[in-house]
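One structure is given here, and the rest of the page talks about it.
The values are calculated or read from the model by the stated rules, or taken from the named source; none is laboratory data. Keep in mind the model is a prediction, meaning the values are calculated, not measured. Here the Cβ is made from the backbone with ideal geometry for all residues, glycine too, and neighbour counts use every protein chain on show. With ligands, DNA and RNA removed, areas are computed over all heavy atoms of the protein, side chains included. Shrake-Rupley method; radii C 1.70, N 1.55, O 1.52, S 1.80 Å.
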Amino acid sequence: MLDKRGWKRLEWKIITKAQRYWVQDENCFFGIVKMEEVSELIKVGQNQLTICDVGITWMQCAWSNVPLWATAMFDQSGKLFQIYFDVCDEVHLDKEDSWFTDLIIDVVYDLSGNVIVLDEDELEFAYQNNLISLTQKQKALDVAQRLKYTLE
């Protein structure tokens, strides 16, 4: 079963207080989450990049006809430090209730120009354990590889 993720990122229980703003037209959604209180920091990757802390802002963008959910991450000074793309099985744009189903695999673009595809092993595990179909697995791999090629 694929996880459903809302733009407010309420599933991130460690974000205990945030300012949230959104705007949408018929084909595109933008949402901003500015963290005001967090119960713990989140650091990722070999460089231990902080992606969740007080003052960090996530600007999200999604399109009705594109199986991606993009999150641009800004540090406390407002400097962009990473763009994170969730590959989606479904994108549902419904104003403040917009959400996507996470197709497990992700693509990260950092400001050094590196493009990294994440969680291919988790995608394979989900397929081998009948949590996703072959069609979903292939869609995830295809979208991730096309995005990687485009960003490189």
In the neighbourhood of Thr16 defined by beta carbon distances under 14 Å, the net charge of the other residues (Lys, Arg +1; Asp, Glu -1) is +1
In the neighbourhood of Tyr109 defined by beta carbon distances under 14 Å, the net charge of the other residues (Lys, Arg +1; Asp, Glu -1) is -2
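On a full-extension model of 0.36 nm per residue, what is the gain between Glu36 and Asn130, subtracting their alpha-carbon distance, rounded to one decimal in nm? Let's see the in-between values first.
Numbers: separation 94, 0.36 × 94 = 33.84 nm, distance 3.93 nm.
Roughly 29.9 nm would be gained on extension.
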Taking a label point 7 Å from the Cα of Thr150 along Cα-to-Cβ, the residues of segment 62-101 whose backbone nitrogen sits under 16 Å from it are 62-72, 83-91
Within the under-10-Å Cβ sphere about Leu2, not counting Leu2, Lys/Arg +1 and Asp/Glu -1 give a net charge of -2
Here FRET efficiency (C-beta to C-beta, Lys79 to Gln138, R₀ 41 Å, nearest 0.05) is 0.65
Evaluated at 37 °C and 0.692 mPa s, the Stokes-Einstein D of segment 110-152 based on the Kirkwood radius over Cα pairs, in µm²/s, stands at 291
Here, trypsin sites (Lys or Arg not before Pro) of segment 48-145 satisfying both criteria (DSSP loop; at most 11 other Cβ within 10 Å) are Lys79
With every protein chain kept in place and a 1.4 Å probe, segment 1-114 has an accessible area per residue in Å² of 53
Calculated from DSSP helices alone, with each H run of at least 4 adding -39500 (n - 2.57) and the total divided by the residues of the chain, [θ]222 nm to the nearest 500 comes to -5500 deg cm²/dmol
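When only Cα pairs under 8 Å and 6 or more residues apart are kept, what is the percent relative contact order across the chain?
18
Tell me, what % of the accessible area of the chain is carbon and sulfur with a 1.4 angstrom probe?
Carbon plus sulfur share of accessible area: 51 percent.
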Counting only protein heavy atoms and leaving out ligands, DNA and RNA, the solvent-accessible surface of Tyr21 at a 1.4 Å probe, in Å² to the nearest 10, equals 120
Distribution output for the chain: share of Cα-Cα pairs per 5 Å bin in percent, first bin at 0, values 2, 9, 18, 21, 21, 18, 9, 2, 0
Expected unfolding gain across Arg20-Asp53 under the 0.36 nm per residue rule, minus the alpha-carbon gap, is 10.4 nm
